[in-house]
Amino acid sequence: MIGLPTVKEALFYEASESGEVVCMTCERRCRIRSGLKGFCNTRMNINSKLYTLVYGDISSISANPIEKKPFFHFYPGTLALTAGSWSCNFACPWCQNFEISKTPPDLVKANYISPERFVEIALNHGCDGTSISFNEPTLLLEYGLDLFPLARKKGLYNTYVSNGYMTLQALDALAESGLDAIKFDVKGDEEVYEKYCGGVREEVVWRNAHRAKELGLHVEIVNLVIPGVNDDEDCLKRLVEKHIKELGSDAPLHFTRYHPEYKFNVPSTPVKTLEKARELARSLGVLFSYVGNVPGHRYENTWCPACGELLIQRLGFNVLSNRVTSGGKCPKCGFQIPLVQ
């Protein structure tokens, strides 16, 4: 097993005299005995050392619009070479990528792509950046830390699409290595995390979102609104208030439409629910809130919060027009738009 390109000693762990190791990649901080794996099935204790089993083991790869993440205020209209691996550190029963997130890595069938090759593929496909996504990118931590400096040297940006449950040590390392932007999926309140995501803590995700902003990363928040789970007004209000407290009023907040998937079969989110969530966010002070997974909806566009001018028009993942000035201002009233372009 050791010696395979996808098996590499993990960077962040603690070993004990008993032979156990404590994984410090995510805040589950799994205690793993020799020969066993952690919750995510991608970290294994081999002879009292922790190894990742998915270094560069790419399950899915494609050139995607950055809007698909979604990032709406980060290099609009550009392409990111997007890749994922296997498994997850959450247990969400509605996962849209369950084919890979609920499947453990197979060392025999591993599809290894080196960081150097990844950058080469990105450039050959006309991409502007990289994105680790599809399943939880924190599980590819060591790979990302090697990939991002190489990508940045070639003029590519680097992004993460994450549930936000990494340790601060991991997050700081990602920022130092060249991560530019991170999208956090916020599932709901503490009850939602405990009941549906495998006993994890909401506070960690908001802590990391706040820390990411402190580190200078571009941050956007997405809430998949699920009927009967996190769509009540109290839950949505709490989320909006946490968003403003931890990130400020100008950080983009997306309310996206759920559809039945994997083991969750409640009907799709009514569009009116998303619109109400968006209006709630606006009434509480969020300047840029969006309705997602509803192609053609007027609130997938960016509007000037000061004068109401249409600034960025979108249709699904396509940018039809971008009228924000090169200085990042509304062309009509001069309001400063928080936009990386």
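The values are calculated or read from the model by the stated rules, or taken from the named source; none is laboratory data. Owing to the predicted nature of the structure, the values given are computational and were not obtained by experimental measurement. Cβ placement follows ideal geometry from the backbone for every residue including glycine, while neighbour counts extend to all protein chains displayed.
Scanning the stretch 129-171 for residues that are in contact (Cβ under 8 Å) with a residue 60 or more places away in the chain and of a type outside the set (A, V, I, L, M) yields a count of 15. Of the listed requirements (1) surrounded by 19 or more Cβ atoms within 10 Å (Cβ to Cβ); (2) modelled with pLDDT under 95, GLU17 misses just one: (1).
The single residue among GLU14, GLU20, GLU27 that is among the acidic types (Asp, Glu), under 20 Å from LEU145 (Cα atoms) and in contact (Cβ under 8 Å) with a residue 24 or more places away in the chain turns out to be GLU27. In a helix (DSSP H, G or I), of a type outside the set (A, V, I, L, M), touching a helix residue (DSSP H, G or I) at 6+ places or on another chain (Cβ under 8 Å) and closer than 13 Å to VAL186 by Cβ - does that describe any residue in the stretch 210-225? Yes - at least one qualifying residue is present in the stretch 210-225. Could you tell me whether the stretch 167-185 includes any residue that is over 18 Å from GLU214 (Cβ atoms) and in the same structural domain as PHE118 (by TED's automatic domain parsing)? Within the stretch 167-185 (the criterion being over 18 Å from GLU214 (Cβ atoms) and in the same structural domain as PHE118 (by TED's automatic domain parsing)), the answer is yes, since at least one residue qualifies.
I'd like the residue in the stretch 22-35 that is over 23 Å from the mean Cα position of the chain (by Cα) and either of a type in the set (Gly, Ala, Ser) or under 20 Å from VAL200 (Cβ atoms) (or both) and, out of all such residues, is surrounded by the fewest Cβ atoms within 10 Å (Cβ to Cβ). Applying the filter and picking the extreme gives GLY35. Inspect the stretch 55-69 for any residue being under 18 Å from PHE317 (Cα atoms), in the same structural domain as GLY198 (by TED's automatic domain parsing) and in contact with a Lys or Arg (Cβ under 6 Å, 6 or more places away or on another chain) and give the result as yes or no. Yes, the stretch 55-69 has at least one match. Restricting attention to the stretch 181-203, the residues being closer than 21 Å to ASP234 by Cβ and either among the charged types (D, E, K, R) or over 14 Å from the mean Cα position of the chain (by Cα) (or both) number 16.
Yes/no per residue for (1) surrounded by 14 or more Cβ atoms within 10 Å (Cβ to Cβ); (2) of a type outside the set (Phe, Trp, Tyr):
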| site | (1), (2) |
| --- | --- |
| ARG298 | no, yes |
| ASN301 | yes, yes |
| GLY308 | no, yes |
| PHE317 | yes, no |
| ARG323 | yes, yes |
| SER326 | no, yes |
| LYS332 | yes, yes |
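Among the residues of the stretch 271-283, what is the count of those that are closer than 17 Å to GLY188 by Cβ and not polar (S, T, N, Q)? Spell out the reasoning first.
Going residue by residue through the stretch 271-283, those that are closer than 17 Å to GLY188 by Cβ are 273-274, 276-278, 280-281.
Next cut, not polar (S, T, N, Q) only: 274, 276-278, 280-281.
Result for the stretch 271-283: 6.
Results for (1) out of contact with any Leu (no Cβ under 7 Å at 6 or more places or on another chain); (2) crowded, with 19+ Cβ neighbours inside 10 Å; (3) more than 21 Å from TYR75 (Cβ to Cβ); (4) not assigned by TED's automatic domain parsing to the domain that holds HIS73, shown as yes or no for each residue.
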{"site": "SER249", "(1), (2), (3), (4)": "no, no, yes, no"}
{"site": "PHE255", "(1), (2), (3), (4)": "no, yes, yes, no"}
{"site": "SER283", "(1), (2), (3), (4)": "yes, no, yes, no"}
{"site": "CYS304", "(1), (2), (3), (4)": "no, yes, no, no"}
{"site": "LEU311", "(1), (2), (3), (4)": "yes, yes, no, no"}
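Only one entry of PHE148, PHE134 meets the criterion of being assigned to a helix (DSSP H, G or I) and either surrounded by 23 or more Cβ atoms within 10 Å (Cβ to Cβ) or not basic (Lys, Arg) (or both), and that entry is PHE148.
Do you know which residues across the stretch 273-287 are among the charged types (D, E, K, R) and over 14 Å from ASP231 (Cα atoms)? Of everything in the stretch 273-287, just one residue is among the charged types (D, E, K, R) and over 14 Å from ASP231 (Cα atoms), namely ARG282.
Taking only pairs six or more apart or across chains, which ones have beta-carbon atoms under 7 Å, a first residue in the stretch 108-122 that is more than 15 Å from GLY84 (Cβ to Cβ), and a second residue that is modelled with pLDDT of 95 or more and loosely packed, with under 15 Cβ neighbours inside 10 Å? From the stretch 108-122, the pairs are VAL119/LYS154.
Listed here are the residues, each with its yes/no results for (1) modelled with pLDDT of 95 or more; (2) closer than 19 Å to HIS218 by Cβ; (3) hydroxyl-bearing (Ser, Thr, Tyr).
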| position | (1), (2), (3) |
| --- | --- |
| LYS276 | yes, no, no |
| GLY285 | yes, no, no |
| VAL291 | yes, no, no |
| PRO295 | yes, no, no |
| ILE312 | yes, yes, no |
| GLY316 | no, no, no |
| ILE337 | yes, yes, no |
